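The values are calculated or read from the model by the stated rules, or taken from the named source; none is laboratory data. Note that this is a predicted model, so its numbers are computed, not measured. Positions of Cβ are backbone-derived with ideal geometry, glycine not excepted, and every protein chain shown enters the neighbour counts. Surface areas here come from the heavy atoms of the whole protein model, side chains and all, with no ligands, DNA or RNA. Shrake-Rupley method; radii C 1.70, N 1.55, O 1.52, S 1.80 Å.
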Amino acid sequence: MSSKTDKQRSFRTRVTRGLDVSVTMSAIVFWLIVLGWAYTQEMSRVKYGVIFVGGIMSVYALDQTRQALEDGDRIDAAVLLQSAIILISASLYFATNFQQVYVMQQGYALEHEYMLARLVILSILYLTWREFGNLFLGLVGGAIVYGMYGNYAPGILNHGGMTELTLLQSLVTDLYGFYGSLTQLTAAWIAPFLLYAGLLFGYGAFDLILRIAIQSGKYIESGVAQTAVLASAVIGSINGSYTANAAMTGSFTIPTMKDSGMSSHRAAGIESVASTSGQVLPPVMGASAFVMASYLQVSYLDIVTAGLIPATILVACIGIAVHYVAISDASNQGMNFEEFFDDELTTRQKAFESVRFGIPFCILIYLLGILQFTVMTAALWTIVSMVVCGVTIPIVQRLVDNTSTSPVTEFVQQLRNTVRGFRRGAIILAPIAIILVAVNGVIDIFSVTGVPNKIALLLMDLSGGMLLLAVLLAMLVSVLMGVGMPTVAAYVIVAILIAPTLVTDFGIPKIAAHYTVFYAAILAGITPPVATAAVVTAGIAEANFWRVCGAAIKIAAPLFILPIAFVYNPAMISMDLTTPGLLAGTLVLMGSITMIYGLNYPFKISAGPRTVLRLSLTVLGMFVMVYPGQIAKAAGILVFVGVFVAEKMMTDGKKLPFSSGVDQ
């Protein structure tokens, strides 16, 4: 019996190792196809999108099958493999017969194609359920049911209904739906940047980011907590999922904050806010910047420019709030955390690493910002330069340092890191691609059934034409749509359903409307009762979920007001950095700081007056952020400055925020 068990374990080990190699090889082949298309662009984008879906799904299914076998779940592994075979077969069939299917057969399909479409839908439903759970399965499945049986829906949501064959054509055989514009955008724009992110991981860039964050944290009193904000925000901008980012960076930052003396719920709250806010930071914005540029038909650089002032406000406010939270706990925020790394980098090593990662980034900025290259071309040459610098600069460093490690050994090691980066990039991309493929199908059903127009009528009816009420309702819908989803998927849905209503019916500028729903959608990460980012960080910190949510909301309070501020101060969301925009942004920033000060500063007064003061400053800050009149804003800011100065004068020994050695 024991011998039989050993043989089974040995067989399973060999299978998982084989799958592990298959994941790596399929990832390399997949990225060669992506980079080859980005270089030539000879194939039509529709056909490329079809091939892309098959390729990335195969990488995902192979990787998850390996994990399922390691966990001993054979049923899951079997279904995953079948799903991969179906999706790869569909991609091969549609790519091989592309002219016939896409051009000659629009509006109808052959019987075996309909059967293949049914299997594709079932496979995608399974993968979305497996990756994102029942909630997202309910969204996709509910959209399909609504498409087929919407003629039974009550009131304004009623439509003529879709037959099964029409649904199959819309989702699969016409090569729209799952293979539509959003999937093609993912393949053309988002995928190369996530390969860049994978290479950064493979070459150790994020280790360097953490080191820089820790080094920066030594110079301010709330150093450890600020490290969490900086590291999580930078990594989260690229990651594309605040939940995944909270799990990844939180496993490092939360224990360090707790070790410094910070309470568990506050450490978890800081990390959940940092992970969530990172999704709105340029230049990547959790991959949403590329989709927004496509929807608005403007350049990617315009979207990044428009996001600079809001991102500055958000980062400044969170930094100040975290500082107040950190000093409230009287924790030892100046402690040295270099011990968490295997070795300490010398100044020369830091210089080499900065050059290694700085050159590709500068090339990216130069190609996008100055030469105005397309996103695909800029990403392609950034990746090429990253591979060249990633492999060669460590070899140069070895030669300069004259170490015992030979250049050949270093070259082999960096080639391995390159392969690791290719694999990591595909694994990062796969869940995002899956959910965007599914969302593309949902959007297609919504478009066919006219849901966006119905939502617009419903929003107008509920709001009574009042702009503020309409914005609040739009934010509520955006938060609900953002629950459990990666940032880009949440943005896509609210951009289709909500943003057009704000533009056409309420006259809000397009860019302001899209940023409003985008910022609102990410609030789902810290908004109870779901608050997925808070759930993850509470688990890591072993803290009470509701206390974590409370701490997160206090820290990120301006994030709940910023979407409204965009509507009433559209100048701050401008594709050109103008003086009116900078002035509007500065005034909104001061309002945000007023809120942060009122909610988070550790006032040393009795409970009653402290509560009144906190409430008054919070309301004042909200007024300054939202009210469009600049004179009234300035008056409100003067009131805050008066309170701030009076508190400093009345409390002996106090110093200005961020000064070292604040007396608590």
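Points worth noting:
- Checking each residue in region 584-619 for being crowded, with 19+ Cβ neighbours inside 10 Å and part of a loop (DSSP other than H, G, I, E, B) picks out only 601.
- Residue 107 passes every criterion in (1) over 21 Å from residue 490 (Cβ atoms); (2) in contact (Cβ under 8 Å) with a residue 12 or more places away in the chain; (3) in a helix (DSSP H, G or I) apart from (3).
- Selection over region 294-310 of residues that are open to solvent by 10 Å² or more (accessible area, probe 1.4 Å) and over 21 Å from residue 370 (Cβ atoms) gives a count of 5.
Residue by residue, here is whether (1) open to solvent by 10 Å² or more (accessible area, probe 1.4 Å); (2) more than 30 Å from residue 301 (Cα to Cα); (3) out of contact with any strand residue (DSSP E or B) (no Cβ under 8 Å at 6 or more places or on another chain); (4) charged (D, E, K, R) holds:
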{"position": "256", "(1), (2), (3), (4)": "no, yes, yes, no"}
{"position": "263", "(1), (2), (3), (4)": "yes, yes, yes, no"}
{"position": "268", "(1), (2), (3), (4)": "no, yes, yes, no"}
{"position": "275", "(1), (2), (3), (4)": "no, no, yes, no"}
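- For region 190-202, the criterion of being farther than 30 Å from residue 87 by Cβ, modelled with pLDDT of 80 or more and either assigned to a helix (DSSP H, G or I) or open to solvent by 20 Å² or more (accessible area, probe 1.4 Å) (or both) is met by no residue.
- Subset tally (residues that are at pLDDT 75 or above, open to solvent by 20 Å² or more (accessible area, probe 1.4 Å) and either on the phi > 0 side of the Ramachandran plot or over 27 Å from the mean Cα position of the chain (by Cα) (or both)) for region 451-486: 10
- Single unsatisfied condition, residue 37 versus (1) open to solvent by 30 Å² or more (accessible area, probe 1.4 Å); (2) touching a Phe, Trp or Tyr at 6+ places or on another chain (Cβ under 6 Å): (1)
- Pair list, Cβ < 7 Å and 6+ apart or interchain, from region 350-364 residues that are in contact (Cβ under 8 Å) with a residue 12 or more places away in the chain and basic (Lys, Arg) to residues that are part of a helix (DSSP H, G or I) and open to solvent by less than 70 Å² (accessible area, probe 1.4 Å): 356/389; 356/390; 356/393
- For region 496-530, the tally of residues that are buried (at least 22 other Cβ atoms within 10 Å of the Cβ) and either on the phi > 0 side of the Ramachandran plot or in contact with a His (Cβ under 6 Å, 6 or more places away or on another chain) (or both) stands at 1.
- In the set 384, 355, 388, only one residue is at pLDDT 80 or above and farther than 13 Å from residue 203 by Cβ; that residue is 384.
- Total residues in region 355-368, condition more than 18 Å from residue 194 (Cα to Cα) and either open to solvent by less than 30 Å² (accessible area, probe 1.4 Å) or more than 25 Å from the chain's Cα centre (by Cα) (or both): 2
- Selection from region 418-441 of residues that are open to solvent by 20 Å² or more (accessible area, probe 1.4 Å) and modelled with pLDDT of 85 or more: 419, 420, 422, 423, 424, 427
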